[in-house]
Every structure is written in structure tokens, then in C-alpha cells.
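The values are calculated or read from the model by the stated rules, or taken from the named source; none is laboratory data. Values in this document were obtained by computation on a predicted structure and should not be read as measured data. Glycine gets a Cβ as well: all are built from the backbone with ideal geometry, and neighbour counts include every protein chain shown.
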Amino acid sequence: MTNSETKKDINLTLKVWRQKGPDVKGKLETYQAKNISTDMSFLEMIDVVNEDLILEGKDPIAFDHDCREGICGMCGCVVDGRAHGPEQGTTLCQLHMRHFSNNDVVVVEPWRSRAFKVIKDLVVDRSPLDKLIQAGGFISANVGGAPDANAIPIPHDTAELSMDAAACIGCGACVASCPNASAMLFVGAKISQLALLPQGKPEAAKRAISMVKTMDELGFGNCTNEAECEADCPKEISITNIARLNREFLKAGLFSTVAK
Amino acid sequence: MNWLFNTLWSSIGKKLFMALTGLCFCGFLTTHLIGNLTLYAGKDAFNSYAEHLHSLGPIIPIAEMGLLLLFVIHVLTGLTLFYKNFRARPTRYAVNKNAGGRTIASFTMPYTGVILFSFILFHLLQLHFIDKTGTTIYEIVSDTFSQKSNVAIYCIVMIFVGLHVSHGFWSAFQTLGADHVKYTPFIKKLSLLLSIIFGVGFGLIPIYISSIL
Ligand code: HEM
Ligand code: FES
């Protein structure tokens, strides 16, 4: 091996949250991640550690993942206090080990929120986000022939704003990084994505009331406009969507004919 | 009327109370500061300003009751939200790092709030709920600031006022949903400007008074 190639491998000390199940106590355990190529993703690095653990007859570290290309929203842990790690606009599966240095000590924890129970190690139950979608994160449409693509005129800027909100992959990083474990960025993105477009307007008031009610019931915290969610969101969704949620909810609650 | 209760009692409804009462306080602080600036014009100007205020009839007691109500709402709602937010994360992180959104002002809101609460009680007991017979308000103020400790307390607390307002003012607009590409940058700048005006404006008064004694 040439020098430049060996330089690419790093050794890390990991402190990983280990918890056998939802109702048992967990703790941080220390592992050595040896000879990690800086071309690997963070998840591939955990794969390597897990291979060693399996060979030693130990329980591998459980973590969520699926696409590993930053689009499905399955992965995510808090790495050194940052949801999805230190890189802006990056999911954990797309975080590369070149952003770490040799001999770094890296602390890996699951999303922390009353609403998200730890299932095992780094895997949390994010079904509360599904419940929020069920509460109103959809439109009702009669099936039939596909409508003409441009039958309803939508200004380009509006379509862009809606698409920016629709970039949300539902990973839950906003809840994890919020100092109050609030889900306002997630709900704000879903509300905005639909409320901005004509197809979403008929149910906008009902949706806002129902999603906020569900959000409160699920035990998420309250937004205090700290903007940590925006900074940690792998899709860089803006907190202007939270302002829109506030607007849509107050408008629906106080001025709509829904929920008298 | 269920709709009204459900809306106002929701998480966003509680934030609406915080925002509206907080903005009212910003309005109050503005008038309070303008009035207090008469101190720079000397004893007689300040005393006649105070007399003028008290001669306005029922407006002042009504405004005082209003402020008290807003104060109770702001403090109780703030503490409720603080408690709920604390409960929303039963297991804390071992490592906490700022992702770039938080500011000193934003993460100290509940703490600067509690300091302001204690200060407002102290301030009212010192200058409002006292026997004012045979003395003038100017004398009470200059007596107060003849003590170095009072000057120090007022100056330090005004830093906290500035911090609270620098996040609070902007945050209130965001809570109300009053966010717009054209106006939000201006509101954020105004937030900073207002906090500096309150901090420096109120903070210099005790220093000035103690310097001319
Ligand atoms: C001079 C008096 C005060 C002024 C001008 C003021 C102003 C404000 C404003 C404008 C907000 C923003 C509302 C929002 O985020 O929507 C706020 C929030 C808040 N205030 Fe005050 N306030 C004052 C006194 C107090 C006091 C006495 C407390 C006592 C506990 C307090 C506690 C809070 C809390 C906990 C928040 C919420 C912080 C957050 O959402 O991050 N404030 N205040
Ligand atoms: S695994 Fe799909 S986004 Fe990371």
C-alpha cells in the first residue's frame, strides 16, 4: 500500500447507546472502529463494527436504514449532539467518514423524544409521524381519468415553495434536534406542501386543526423558534413553514367554518 | 364555543398568548422608556411628567390592571410551556451541540424571563408600592440610585431585558405567522435594535442619576 492510501484509513472510538428493548435501561458503551476507510458512509462504518461484534459472538448495534442514498428517511442518529451528524443538509447514510479525523471519539445516540420510544439501541419508533400524516397529511381526490397537467394554473414560485416543503423525508431529525422535541417543522412542511397548492386548499382548515390536535396529543414539545430543526434538517426545510403552520392553524381555528 | 377553547388551549394557541402579551410588554417598555427620559431634563420635568400621568384619571389604574393581567398570562403560559417542553424529552442527550439555530437569547428565554419576573416584583416594591406622602417621585428615584447595589442590579437586569426582547420580538411575529420574505429580515433587525434601545436606554438612567447626586 502506498502512503496516500493508508492515510485514508482512520481509527475511531465510538460511544454508542445500547438498550435491549423499550422498557429496559440503556447506557453508552465504548467500541473501537478500526481501519475505517474515509470513503465509507457513517452507516458502513457501523456495519464494520457490527461485523466484528458478530464475530466476537456479541449482539450487533441495531440501527435503522433502508435506501442509504438520502431519500427514504429511515436512517438517523444523533452524532456528537447533532441529528444526522455534523454535516449540513446530509442524512446519516450520506455522511462520509472523511468528515472525521483519526482517533476521534464519537458519541452516537438515538432520537430522544417522549413521542419516540427507543425500540432497540439506535432504533426508535417513529410511528407518531405516521399518525400525524393519518390525521391530515393527505388530500382526498376522486380517482378517474388523469387530469390535464396544466389545467390548474399554479405560479412557478408557489410550486417551488410547495416542492421545498415536500422535500421532507419524515426522518424525525427535526424532533431530535429541537431543544423541546417539537414536531413543528415536520407538521409545518406537510401542512405547507398541501396548503400552498389548489388541490390542498379544500381540506386546509380541517387538516391544520386535526394535525395540530394530534401533534399535541402525541406528546411532542412546543416550538420556541430556536431554529435548530432547520439547521439539522437533512433536506434543509425552512422554518418559514412553521410560520405558515401557525398562520394556517390560527386561521382555521378562529375563522374557518370547520369544527364549530 | 368549543372551537375557541380548542384553538387557544392548543400548543400554538398558548404560543399566541405568549406572543401577544410579549408584544404588549414591548409597547409598554417603549412608553415607559420615553417617559423616563424626562429624568434627563431634571427633577421638575420628571415630577411634572409623573403628576401629569396621575392626573389622567382612570386610564392609569385601568392600564395597570391590564398590564397585570397580561403579566400573569405571559408568566403562567411561559412556565407551562417550559414545563411541557422539559417533559417532552424524558431522556436527555449525553452530548448537546448547537446546530446553528440557537442563540444565547433564544435558549435563555425561560431563565431571563424568571429573572425579569423577580426584577419586576422588586422594582414595583421599590418604586410603586411605597408611601409617597411628603416626598416626590424624583426623590424616591434618586434615593434608590444613591445605593451602588441598586445601580448595579438595574444595569445587569437591563442586559437580560435586552436578551429577552432580542429573541422575543422576532419570535412573536413568527408565532403569529407574520412571516414574509420582504418583512422578516426587517423584523429581525428591529428586534435587535429594540433590545439595544431598551437595554442601553433603561441601563443608562441609573448610571446618570447616581452620577449627578
Ligand atoms: C419586560 C417584560 C417582558 C417582555 C417585554 C417580554 C417579551 C416577550 C416576548 C415578545 C416573547 C415572545 C413570544 C413568542 O415567542 O411568541 C416572550 C416570550 C417568553 N417570555 Fe417574556 N417578556 C417579558 C417578561 C417575562 C417574564 C416576567 C417572564 C417570566 C417567566 C417571561 C417568560 C417568557 C417565556 C418563558 C417566553 C417563551 C420563550 C420562548 O418561546 O422561547 N417573560 N417574552
Ligand atoms: S437510509 Fe434512506 S435516507 Fe438514509
(request) Identify the residue in the range A:211-225 that is of a type in the set (A, V, I, L, M) and closer than 18 Å to A:Leu250 by Cα and, among all such residues, is farthest from the other protein chains (Cβ to nearest Cβ). (result) A:Met211
(request) Just give me the residues in the range A:51-82 being within 14 Å of chain B (Cβ to nearest Cβ), of a type outside the set (D, E, K, R), farther than 18 Å from A:Met40 by Cβ and within 14 Å of the chain's Cα centre (by Cα), in sequence order. (result) A:Val78
(request) Look at the range A:122-164 and say how many of its residues are within 16 Å of ligand 2 (Cβ to nearest atom) and part of a loop (DSSP other than H, G, I, E, B). (result) 2
(message) Given the criterion surrounded by fewer than 22 Cβ atoms within 10 Å (Cβ to Cβ), over 24 Å from B:Leu16 (Cβ atoms), under 13 Å from the mean Cα position of the chain (by Cα) and within 16 Å of ligand 2 (Cβ to nearest atom), identify the matching residue among A:Ala176, A:Ala167.
(response) A:Ala167
(message) Take A:Gly172 and tell me if it is more than 8 Å from chain B (Cβ to nearest Cβ) and at pLDDT 95 or above.
(response) yes
(request) At least 2 residues that are farther than 25 Å from B:Leu116 by Cα in each: list the helices (runs of 4 or more DSSP H) lying fully within the range B:1-79 that qualify. (result) B:2-9, B:43-54
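Okay, residues lined up against (1) hydroxyl-bearing (Ser, Thr, Tyr); (2) surrounded by 14 or more Cβ atoms within 10 Å (Cβ to Cβ):
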position	(1), (2)
B:Leu56	no, no
B:Ile62	no, no
B:Met65	no, no
B:Leu68	no, no
B:His74	no, yes
B:Tyr93	yes, yes
B:Lys97	no, yes
B:Val114	no, yes
B:Ile140	no, yes
(request) Search the range A:80-115 for residues being touching a Pro at 6+ places or on another chain (Cβ under 7 Å) and farther than 18 Å from A:Ile237 by Cβ, and hand back the single one that is nearest to ligand 2 (Cβ to nearest atom). (result) A:His99
(message) Quick check on the range B:95-103. Is at least one of its residues at the interface with another protein chain (Cβ under 7 Å from one of its Cβ atoms) and on the phi > 0 side of the Ramachandran plot?
(response) yes
(request) Please find, within the range B:116-137, the residue that is surrounded by the most Cβ atoms within 10 Å (Cβ to Cβ) out of those that are modelled with pLDDT of 95 or more and either aromatic (Phe, Trp, Tyr) or touching a Lys or Arg at 6+ places or on another chain (Cβ under 7 Å) (or both). (result) B:Phe119
